[in-house]
Amino acid sequence: MPHTTRRRFLSTLAIAAPALALHWPAFAAAPDAGLPAGTRALSFLHTHTGEHLSVEHATGGRYFPDALATIDHFLRDFRTGDVHTIDRRLLDLLHRLHTATGASRPFQVISGYRSPQTNAMLRSRSTGVASHSLHMDGQAIDIRVSDTPLKGLRDAALSLKLGGVGYYPASDFVHVDTGRVRRW
(Lines give C-alpha, C1' and ligand atoms only; values in the text may rest on other atoms or scores of the structure.)
Protein backbone atom coordinates (compact mmCIF):
# COMPACT_ATOMS: atom_id res chain seq x y z
CA MET A 1 0.00 0.00 0.00
CA PRO A 2 1.56 3.33 -1.01
CA HIS A 3 2.61 5.68 1.72
CA THR A 4 0.56 8.91 1.64
CA THR A 5 2.85 11.87 1.83
CA ARG A 6 1.90 15.50 2.12
CA ARG A 7 3.04 16.01 -1.49
CA ARG A 8 0.92 13.10 -2.77
CA PHE A 9 -2.11 14.33 -0.79
CA LEU A 10 -1.75 17.86 -2.20
CA SER A 11 -1.32 16.62 -5.76
CA THR A 12 -4.42 14.41 -5.43
CA LEU A 13 -6.36 17.34 -4.02
CA ALA A 14 -5.20 19.55 -6.91
CA ILE A 15 -6.54 17.00 -9.40
CA ALA A 16 -9.82 16.41 -7.55
CA ALA A 17 -10.64 20.04 -6.69
CA PRO A 18 -11.83 21.07 -10.19
CA ALA A 19 -14.10 18.01 -10.41
CA LEU A 20 -15.57 18.73 -6.97
CA ALA A 21 -16.08 22.39 -7.89
CA LEU A 22 -18.10 21.39 -10.95
CA HIS A 23 -20.41 19.28 -8.81
CA TRP A 24 -20.41 21.38 -5.63
CA PRO A 25 -24.00 22.64 -5.99
CA ALA A 26 -25.24 19.05 -5.95
CA PHE A 27 -23.16 18.25 -2.84
CA ALA A 28 -24.27 21.44 -1.11
CA ALA A 29 -27.94 20.75 -1.82
CA ALA A 30 -27.88 17.12 -0.73
CA PRO A 31 -28.65 17.67 2.98
CA ASP A 32 -31.52 20.00 2.09
CA ALA A 33 -32.86 17.96 -0.82
CA GLY A 34 -36.60 18.41 -1.00
CA LEU A 35 -36.75 20.97 1.81
CA PRO A 36 -38.38 24.31 1.04
CA ALA A 37 -35.95 27.23 0.93
CA GLY A 38 -38.17 29.44 3.08
CA THR A 39 -38.83 29.36 6.78
CA ARG A 40 -40.80 26.39 8.07
CA ALA A 41 -43.25 26.87 10.90
CA LEU A 42 -45.63 24.60 12.79
CA SER A 43 -48.67 25.25 14.95
CA PHE A 44 -49.98 22.82 17.53
CA LEU A 45 -52.80 22.45 20.02
CA HIS A 46 -52.25 19.67 22.57
CA THR A 47 -55.56 17.94 23.24
CA HIS A 48 -54.52 16.70 26.70
CA THR A 49 -52.74 19.74 28.14
CA GLY A 50 -54.65 22.50 26.33
CA GLU A 51 -51.31 24.12 25.41
CA HIS A 52 -50.85 25.97 22.12
CA LEU A 53 -47.60 26.43 20.22
CA SER A 54 -46.75 28.26 16.99
CA VAL A 55 -43.07 28.29 16.15
CA GLU A 56 -40.70 28.76 13.22
CA HIS A 57 -38.32 25.81 13.49
CA ALA A 58 -36.15 25.89 10.37
CA THR A 59 -35.16 27.60 7.19
CA GLY A 60 -33.74 25.51 4.36
CA GLY A 61 -31.42 22.98 6.01
CA ARG A 62 -30.85 25.11 9.13
CA TYR A 63 -32.84 24.30 12.26
CA PHE A 64 -33.30 26.73 15.13
CA PRO A 65 -32.07 25.06 18.36
CA ASP A 66 -34.30 27.12 20.68
CA ALA A 67 -37.36 26.31 18.57
CA LEU A 68 -36.47 22.60 18.54
CA ALA A 69 -36.13 22.61 22.33
CA THR A 70 -39.53 24.30 22.61
CA ILE A 71 -41.10 21.67 20.35
CA ASP A 72 -39.40 18.86 22.30
CA HIS A 73 -40.94 20.23 25.50
CA PHE A 74 -44.36 20.76 23.92
CA LEU A 75 -44.47 17.18 22.57
CA ARG A 76 -43.28 15.71 25.88
CA ASP A 77 -44.96 12.71 27.46
CA PHE A 78 -47.84 14.58 29.09
CA ARG A 79 -48.37 11.75 31.59
CA THR A 80 -44.83 11.72 33.01
CA GLY A 81 -43.42 15.07 31.92
CA ASP A 82 -40.46 13.31 30.26
CA VAL A 83 -38.97 15.25 27.35
CA HIS A 84 -37.24 13.64 24.38
CA THR A 85 -35.67 14.97 21.19
CA ILE A 86 -38.21 14.97 18.37
CA ASP A 87 -36.89 13.78 15.01
CA ARG A 88 -36.35 16.74 12.67
CA ARG A 89 -37.63 14.61 9.81
CA LEU A 90 -40.95 14.30 11.68
CA LEU A 91 -41.18 18.09 11.91
CA ASP A 92 -40.45 18.40 8.20
CA LEU A 93 -43.03 15.69 7.47
CA LEU A 94 -45.61 17.67 9.47
CA HIS A 95 -44.76 20.86 7.62
CA ARG A 96 -45.18 19.09 4.26
CA LEU A 97 -48.39 17.45 5.45
CA HIS A 98 -49.89 20.77 6.53
CA THR A 99 -48.99 22.24 3.13
CA ALA A 100 -50.33 19.21 1.24
CA THR A 101 -53.72 19.40 2.95
CA GLY A 102 -54.07 23.15 2.57
CA ALA A 103 -55.04 23.29 6.24
CA SER A 104 -55.05 26.60 8.06
CA ARG A 105 -55.72 25.29 11.56
CA PRO A 106 -53.03 23.88 13.91
CA PHE A 107 -52.27 20.21 14.34
CA GLN A 108 -54.22 18.80 17.27
CA VAL A 109 -51.76 16.54 19.07
CA ILE A 110 -53.11 13.41 20.71
CA SER A 111 -49.72 11.82 21.39
CA GLY A 112 -46.14 12.92 20.70
CA TYR A 113 -43.24 11.45 22.65
CA ARG A 114 -44.05 8.50 24.92
CA SER A 115 -41.82 7.34 27.74
CA PRO A 116 -41.22 3.60 28.08
CA GLN A 117 -43.50 3.62 31.16
CA THR A 118 -46.37 5.26 29.27
CA ASN A 119 -45.91 3.00 26.27
CA ALA A 120 -46.01 -0.10 28.51
CA MET A 121 -49.17 1.17 30.23
CA LEU A 122 -50.89 1.85 26.89
CA ARG A 123 -49.75 -1.52 25.54
CA SER A 124 -51.31 -3.26 28.55
CA ARG A 125 -54.65 -1.63 27.64
CA SER A 126 -54.58 -2.12 23.86
CA THR A 127 -53.26 -4.58 21.31
CA GLY A 128 -52.68 -1.68 18.90
CA VAL A 129 -49.61 -0.32 20.72
CA ALA A 130 -46.21 -1.56 19.57
CA SER A 131 -43.81 -2.83 22.24
CA HIS A 132 -41.18 -0.39 20.98
CA SER A 133 -43.32 2.31 19.42
CA LEU A 134 -41.60 4.99 17.36
CA HIS A 135 -43.26 7.44 19.77
CA MET A 136 -40.57 6.32 22.25
CA ASP A 137 -37.86 7.54 19.85
CA GLY A 138 -39.50 10.90 19.08
CA GLN A 139 -40.25 9.65 15.57
CA ALA A 140 -44.06 9.46 15.69
CA ILE A 141 -47.06 11.63 16.41
CA ASP A 142 -50.83 11.10 16.51
CA ILE A 143 -52.72 14.08 15.09
CA ARG A 144 -55.80 15.56 13.49
CA VAL A 145 -56.56 18.99 12.01
CA SER A 146 -59.95 20.59 12.60
CA ASP A 147 -60.31 21.99 9.06
CA THR A 148 -59.22 18.80 7.27
CA PRO A 149 -61.26 15.59 7.02
CA LEU A 150 -59.45 12.70 8.69
CA LYS A 151 -59.45 10.70 5.43
CA GLY A 152 -57.91 13.69 3.64
CA LEU A 153 -55.19 13.93 6.28
CA ARG A 154 -54.49 10.21 5.92
CA ASP A 155 -54.43 10.37 2.12
CA ALA A 156 -52.08 13.36 2.12
CA ALA A 157 -49.74 11.58 4.55
CA LEU A 158 -49.75 8.47 2.37
CA SER A 159 -49.01 10.53 -0.75
CA LEU A 160 -45.85 11.95 0.87
CA LYS A 161 -44.34 8.45 1.28
CA LEU A 162 -42.11 9.67 4.12
CA GLY A 163 -42.89 7.02 6.73
CA GLY A 164 -45.66 5.04 8.36
CA VAL A 165 -49.29 6.14 8.35
CA GLY A 166 -51.92 4.68 10.65
CA TYR A 167 -55.60 5.55 10.28
CA TYR A 168 -57.77 5.46 13.40
CA PRO A 169 -61.21 6.85 12.46
CA ALA A 170 -62.91 5.46 15.60
CA SER A 171 -60.41 7.37 17.77
CA ASP A 172 -60.37 10.38 15.39
CA PHE A 173 -56.65 10.60 14.62
CA VAL A 174 -53.95 9.76 12.11
CA HIS A 175 -50.56 8.42 13.19
CA VAL A 176 -47.52 9.52 11.16
CA ASP A 177 -43.93 8.48 11.73
CA THR A 178 -40.50 8.59 10.12
CA GLY A 179 -40.03 4.83 10.08
CA ARG A 180 -40.24 2.75 6.94
CA VAL A 181 -43.07 3.51 4.52
CA ARG A 182 -46.10 1.42 5.48
CA ARG A 183 -49.80 1.80 6.24
CA TRP A 184 -52.42 0.33 8.54
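The values are calculated or read from the model by the stated rules, or taken from the named source; none is laboratory data. This structure is a prediction, so every number in the text was calculated from the model and none was measured. For neighbour counting, all protein chains shown are included, and Cβ atoms are generated from backbone atoms with ideal geometry for every residue, glycine included. When the accessible area is computed, the model is the full protein with side chains, heavy atoms only, and any ligands, DNA or RNA have been set aside. Shrake-Rupley method; radii C 1.70, N 1.55, O 1.52, S 1.80 Å.
Taking the criterion of being closer than 11 Å to ARG182 by Cα and among the basic types (Lys, Arg), the only residue of segment 143-165 that qualifies is LYS161.
From ARG154, ARG180, grab the single residue that is outside any strand (DSSP E or B), within 21 Å of ARG88 (Cβ to Cβ) and of a type in the set (D, E, K, R).
Working: ARG154 fails: within 21 Å of ARG88 (Cβ to Cβ).
Among ARG154, ARG180, only ARG180 is outside any strand (DSSP E or B), within 21 Å of ARG88 (Cβ to Cβ) and of a type in the set (D, E, K, R).
Answer yes or no as to whether ILE110 is open to solvent by 20 Å² or more (accessible area, probe 1.4 Å), in contact with a His (Cβ under 8 Å, 6 or more places away or on another chain), in a strand (DSSP E or B) and closer than 20 Å to LEU42 by Cβ. So ILE110 passes the test.
Of all the residues in segment 151-178, those that are open to solvent by 10 Å² or more (accessible area, probe 1.4 Å) and either on the phi > 0 side of the Ramachandran plot or of a type in the set (S, T, N, Q) (or both) number 5.
For every residue, the table says whether it meets (1) among the acidic types (Asp, Glu); (2) under 24 Å from SER171 (Cβ atoms); (3) at pLDDT below 95.
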position: PRO65; (1), (2), (3): no, no, no
position: LEU93; (1), (2), (3): no, yes, no
position: ARG96; (1), (2), (3): no, yes, no
position: PRO106; (1), (2), (3): no, yes, no
position: ARG125; (1), (2), (3): no, yes, yes
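Looking only at residues of segment 70-102 that are of a type in the set (A, V, I, L, M, F, W, C), touching a helix residue (DSSP H, G or I) at 6+ places or on another chain (Cβ under 8 Å) and part of a loop (DSSP other than H, G, I, E, B), we find that the one that is farthest from GLY138 (Cα to Cα) is VAL83.
Of all the criteria given as (1) among the small types (Gly, Ala, Ser); (2) more than 21 Å from ALA170 (Cβ to Cβ); (3) open to solvent by less than 10 Å² (accessible area, probe 1.4 Å), the one not satisfied by ALA120 is (3). Scanning segment 95-107 for residues that are open to solvent by less than 60 Å² (accessible area, probe 1.4 Å) and in contact with a strand residue (DSSP E or B) (Cβ under 6 Å, 6 or more places away or on another chain) yields HIS95, ALA103, PRO106, PHE107.
For segment 76-92, filtering for residues that are surrounded by 20 or more Cβ atoms within 10 Å (Cβ to Cβ) and more than 15 Å from SER111 (Cβ to Cβ) leaves 2. Number of residues in segment 37-75 that are open to solvent by 40 Å² or more (accessible area, probe 1.4 Å) and under 25 Å from SER146 (Cα atoms): the value is 14. SER104 falls short on exactly one of the conditions (1) among the hydroxyl-bearing types (Ser, Thr, Tyr); (2) touching a residue at least 40 places away in the same chain (Cβ under 8 Å); (3) within 15 Å of GLY179 (Cβ to Cβ), and that condition is (3).
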